[in-house]
Every structure is written in structure tokens, then in C-alpha cells.
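So the structure is just underneath, and the comments pick up after that.
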Amino acid sequence: MDTTPRPQDLAPTSTPAGRPRVLLLFGGRSGEHAISCATAGGVLRAIDRDRYDVIPVGITPSGRWVGVDPDPDAWSITNGRLPQVADAPERVLLPQSTDERSAHVLADGLPPRDLGRIDVVFPLLHGPFGEDGTVQGMLELADLRYVGAGVLASAVGMDKQFMKLVLAGQGLPIGPYTVLRPGELDRDPDGVRARLEPLGLPLFVKPARAGSSLGITRVTDLADLPAAVAEAERHDPKVIIEAAIVGREIECAVLGSPGAQRARASLPGEIVVTDARHDFYDFEAKYLAEADVELSCPADLPADIIERVRDVAVRTFEAVDCEGLARVDVFVTEAGEVVVNEINTMPGFTPFSMYPRMWEASGLPYSQLVDELLQLALHRPTGLR
């Protein structure tokens, strides 16, 4: 399957009349708030201000929408400092209906201040309450165009249980797993352990609806299971427990295409955790200890395996009815089997994140990737599609 981006595929389409105004939305209520801020910093630095007007809007951890500093440096992760959207007395209000295009600033005791029309929203939100279809549904209600997956694909991609059900239903390879509902381990410990027995050890205990490796524990002894479940439940009351898959951890970036063309897959990349302090690619290894990880892009794989990974990535994208962008994470076993781990419908998007790095290695620079995503969103129909 040849989905390598060609120059004619990647050339941006014509811009609608006038300079489009982009509302860049980031932060949010999830545990991935800081990662969303770092992603926004990268996009703010890359977006072409000659082509787009940009309005950066942050969502505080309590859910308040506020205007924020447009300086990209304000949102970087520096010396372990995690950025956060601070509260402010004013709040930003999006258009509320299909016949309204302007955003407004509201402040107590003052009339609303018009921010001007919004042509497209770039929701750089990770995790629940942003990447899971909630914000996408609000944008759909107002017929606002936006970058990325729609309501259903966002929700399915966020919930690992339903993601696996959809992928398995489409014949894509997934690993063995089971799901724990709140309190299930306390009510029926023997029944839970019986379900885990076929999975073997080690196990990976995860929040069912979280990302950035938050709340994940590698369990090598079932005596540690209650603590691992409690850690996952700090992020989500629903917990998924997966069998360990022995193989190389490979990622592939997928990018939508204009019109009825199939999505495109980048060259894949590989993540290797080099420091024994990390049992796997955890939050610290991803964002706070870059020296402990080697990111190889393109991955050193045989040509036939590369094509298999890219094919599986595009099929995964299509299986959940995704749009815009996604990163598909797989395992490649010694036997050459490609097993889907997950799809991430709004992957990390700093210049150092794997998603843009894989496209860079495939011939699409970061700034052009941002432009491509905005153009796809600007020319996407609103409403049912």
C-alpha cells in the first residue's frame, strides 16, 4: 500500500476569501492539561501569521475559557515546569448558533466585546473533556469547522474498550484484555483473577479513558493488582487491563486527504526506552526525561513490515471513521505480526513529538503540516458528512 505523501498531495488548497481566523484552543480539564499547553506552544510558533489570524484561548483546569498569552515560550515545558492556563476575570464565549460566527469576551458589569468571526477551531486538547467528542459536539452544534476527528471517532479513540471492540469488528489485530468497572475488584476478586489468568503476566493496568501514559502500571505480581487498579482509578473509574505483547513499539502518523481520497500514512517511528528506571514509555519518559528515550524515525524495519504498519495505521484510521489526523501505535512482534495498541486522535504536537517528527521524516515539515490540517478543516463540510 503506497500512502507516501507526494508533493501534489501536500500542497495546500486555495484559502477562502480573506485571511482565515483560527481559534487555537488548549489546556482543559483533563490530567493532560500541561501537555495540551505544550502542544499549543509548538503550533503557535509554527503557524503562518501571514496566512492566518490566530486567537489563542485557554481552558483552565476548572473549565473556564479565557484569552491567553500568544507567546509560544509561555507554553513550553522548561526544566520540568509544566505550563498551565491561569484563571482570568474575563471569559471567552464561542458562537452559540449556526447563524452566528463571532466569538465574544464577557466580563462582569461590561457589555460583551466582539472578537470577530471564527473560521476554524484548532482544538489542541488531550484527554477527557476535549479529545473525547465533548468539545467536538459543541462545535458541531454551532456549525463551526474544526481540525481533527468528529464526535464519534473522538469518543471511540478516547475509550480504549470501545476502540478495541470497533477495531476487532473491522478485523484489525488487537491484544487480549479485560475491563474492570468501579468496585468490581472488591466485589469479586476471585472472578477478576480468573479473567486475568488467560492474559498471563506481566499485565498493563490503565485508565480506560486517558492518555500520555497517565495512571498506567506494569504488574508482574497479582499481589500488586489492587494498588495498580487504584492508581488507574485516580484518572478514570473504568479500568482496562491488557496482556503484555512482546515486540517493538512502533508508531505511525496518519493524515487525512482532501475530498474522497484515502488518508495518508507517514514513515513509521520507533520508541526505545533506554533507562531501566522506566518499565515502559511512561509520562516521565515522554515529557520530563528525554535523555532516557531514543526516538528513531524512520524506524529500522524491513520494507515489507513498514508497508504492513502503514496499511494497518490507515485501516485503523478508517475503522473509527477518523478525520484530519491521528497517531496509530502498534507492536511488531518477532514473527512480524503487527498488533494495534491504540489510536490517538489528537496526538502530541510539539515539534519534538513523534507525530510531526514522522511527517518531517516523510517530507512534510512541521509548519506545512499545521497548514495542511487547517486547510483540510476549512474545506470540510459542516453538519452530517
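The values are calculated or read from the model by the stated rules, or taken from the named source; none is laboratory data. What you see is a predicted model; the values in this text were computed from it and never measured. Ideal geometry is used to build each Cβ from the backbone, glycine not excepted, and the neighbour counts take in all protein chains shown.
Listed values, structure above:
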quantity	calculated
Single condition ILE343 does not satisfy, out of (1) touching a Pro at 6+ places or on another chain (Cβ under 8 Å); (2) of a type outside the set (Asp, Glu); (3) under 14 Å from GLU251 (Cβ atoms)	(1)
Boolean, GLY109 is at positive phi, in a loop (DSSP other than H, G, I, E, B) and at pLDDT below 95	yes
Flag for PRO112 being farther than 26 Å from ASP132 by Cβ and outside the structural domain of ASP236 (by TED's automatic domain parsing)	yes
Qualifying positions in the range 220-249 - small (Gly, Ala, Ser), touching a strand residue (DSSP E or B) at 6+ places or on another chain (Cβ under 9 Å) and free of Cβ contacts under 8 Å to residues at least 40 places away in the same chain	ALA227, ALA228, ALA232
For SER257: the one exception among (1) small (Gly, Ala, Ser); (2) crowded, with 21+ Cβ neighbours inside 10 Å; (3) not in a helix (DSSP H, G or I)	(2)
Selection status of SER213, of a type in the set (S, T, N, Q) and modelled with pLDDT under 95	yes
Sole residue being under 19 Å from the mean Cα position of the chain (by Cα) and outside any loop (DSSP other than H, G, I, E, B), chosen from ALA168, ALA155	ALA155
Scope the range 341-385; condition within 18 Å of VAL54 (Cβ to Cβ) and of a type in the set (D, E, K, R); matching residues	ASP371, GLU372
Top-ranked residue of the range 183-210 - restricted to ones that are surrounded by fewer than 13 Cβ atoms within 10 Å (Cβ to Cβ) and not in a loop (DSSP other than H, G, I, E, B), ranked as farthest from the chain's Cα centre (by Cα)	ASP190
In the range 92-118, residue surrounded by the fewest Cβ atoms within 10 Å (Cβ to Cβ) [restricted to those that are among the small types (Gly, Ala, Ser) and under 14 Å from PRO56 (Cα atoms)]	GLY116
Looking only at the range 41-91, and only at residues there that are among the polar types (S, T, N, Q) and within 15 Å of LEU124 (Cα to Cα), the one that is surrounded by the most Cβ atoms within 10 Å (Cβ to Cβ)	THR60
Residues located in the range 119-131, provided they are in a loop (DSSP other than H, G, I, E, B), surrounded by 24 or more Cβ atoms within 10 Å (Cβ to Cβ) and out of contact with any Asp or Glu (no Cβ under 7 Å at 6 or more places or on another chain)	GLY130, GLU131
